[in-house]
Amino acid sequence: MSLGIKGPQYVSTKYDGSPLRVGIVHARWNKVVIEALVEGTIKKLKELGVKDSGIVVQSVPGSYELPFACSKMIAGSHVQAGASATDLLGGLNFGSNSRSSTPAPSAAIVTMPQGPFDVVIAIGVLIKGSTMHFEYICDSVSHALMRVQLDTGVPVVFGVLTALTDEQALERAGLGTGESKGHNHGEDWGEAAVEMASRTKLWSEGKFN
Ligand code: DLZ
């Protein structure tokens, strides 16, 4: 692979992934490439401090299902967050004997709240075949993923490879067969996720530096 001018310019700000909750949803088509990309994504998330408990991975049959899954996962994480908050309040036991100095037994088994996802990463590998299927799926998936993030206000990372050949896909997952194995784009997606989640939190608070 030649040293070109393409690729992200890495920012000097070091974002802390430790408070983040990240949803990953991946397609199961083109398994070898998918597995490497998911692995690269998770490796980078952890390097940036995201905890194991802060990462939720789901799968869907193919890339066409990714936008729907992202949308439902974001909605479900809000339901989960609401349920956890209710559990927590329930555990506090504001009952008729709330003046008792002995805590209710249920208070000891309250689970910590699960916050809604701060970012979702959609991972798929589309490889061009002999029909128009590829064009239709690439087009609808990219537009729909954009729509999900604008509609929900939760950043969605576009982790979808749209490759013309198997070799192109393999090389972008670090599995190239040439002199260079290529670069695993999953790492870039992990980095983009932590940056976008962190910045979104700051922007939501009116902070711009
Ligand atoms: C049908 C299909 C084809 C031909 N190719 C791919 C592909 O390269 N990558 C991928 O992720 N999914 C593919 N699919 C499956 C569709 O995305 C989808 O899962 C099915 O059409 C069912 O809705």
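The values are calculated or read from the model by the stated rules, or taken from the named source; none is laboratory data. As the structure is a prediction and not an experimental result, all values here were calculated from the model. For neighbour counting, all protein chains shown are included, and Cβ atoms are generated from backbone atoms with ideal geometry for every residue, glycine included. For accessibility, only protein heavy atoms count, side chains too; no ligands or nucleic acids. Shrake-Rupley method; radii C 1.70, N 1.55, O 1.52, S 1.80 Å.
Count of region 145-177 residues, restricted to those that are out of contact with any strand residue (DSSP E or B) (no Cβ under 9 Å at 6 or more places or on another chain) and open to solvent by less than 30 Å² (accessible area, probe 1.4 Å), is 1. Within region 162-209, the residues that satisfy the criterion of being assigned to a loop (DSSP other than H, G, I, E, B) and of a type in the set (Gly, Ala, Ser) are Gly174, Gly176, Gly178, Ser180, Gly182, Gly206.
The requirement of being at pLDDT below 95, in contact with a Ser or Thr (Cβ under 7 Å, 6 or more places away or on another chain) and surrounded by fewer than 17 Cβ atoms within 10 Å (Cβ to Cβ) is satisfied by Asn93.
Could we say that Pro116 is modelled with pLDDT of 95 or more and over 30 Å from Ala163 (Cα atoms) here?
yes
I'm trying to understand the selection: among the residues of region 34-71, which are within 15 Å of the chain's Cα centre (by Cα), within 16 Å of the ligand (Cβ to nearest atom) and surrounded by fewer than 14 Cβ atoms within 10 Å (Cβ to Cβ)? Phe68, the sole residue that qualifies. Scanning region 5-32 for residues that are assigned to a loop (DSSP other than H, G, I, E, B) and open to solvent by less than 70 Å² (accessible area, probe 1.4 Å) returns Gly7, Val11, Tyr15, Gly17, Ser18, Leu20, Arg21, Asn30. Checked against (1) open to solvent by 70 Å² or more (accessible area, probe 1.4 Å); (2) modelled with pLDDT under 50, Asp87 meets all criteria but (2). Scan region 113-144 for residues that are within 12 Å of the ligand (Cβ to nearest atom), over 20 Å from the mean Cα position of the chain (by Cα) and exposed (fewer than 14 other Cβ atoms within 10 Å of the Cβ) and jot them down. Correct list: Gly129, Ser130, Thr131, Met132, His133, Glu135, Tyr136. Name the pairs whose Cβ atoms lie under 8 Å apart, with the first residue in region 39-59 and over 13 Å from Ile123 (Cβ atoms) and part of a helix (DSSP H, G or I), the second open to solvent by 60 Å² or more (accessible area, probe 1.4 Å) and acidic (Asp, Glu), and 6 or more positions between them or separate chains? Pairs found: Lys46/Asp52.
Does Gly159 qualify as being at pLDDT below 95 and small (Gly, Ala, Ser)? It is false that Gly159 is at pLDDT below 95 and small (Gly, Ala, Ser).
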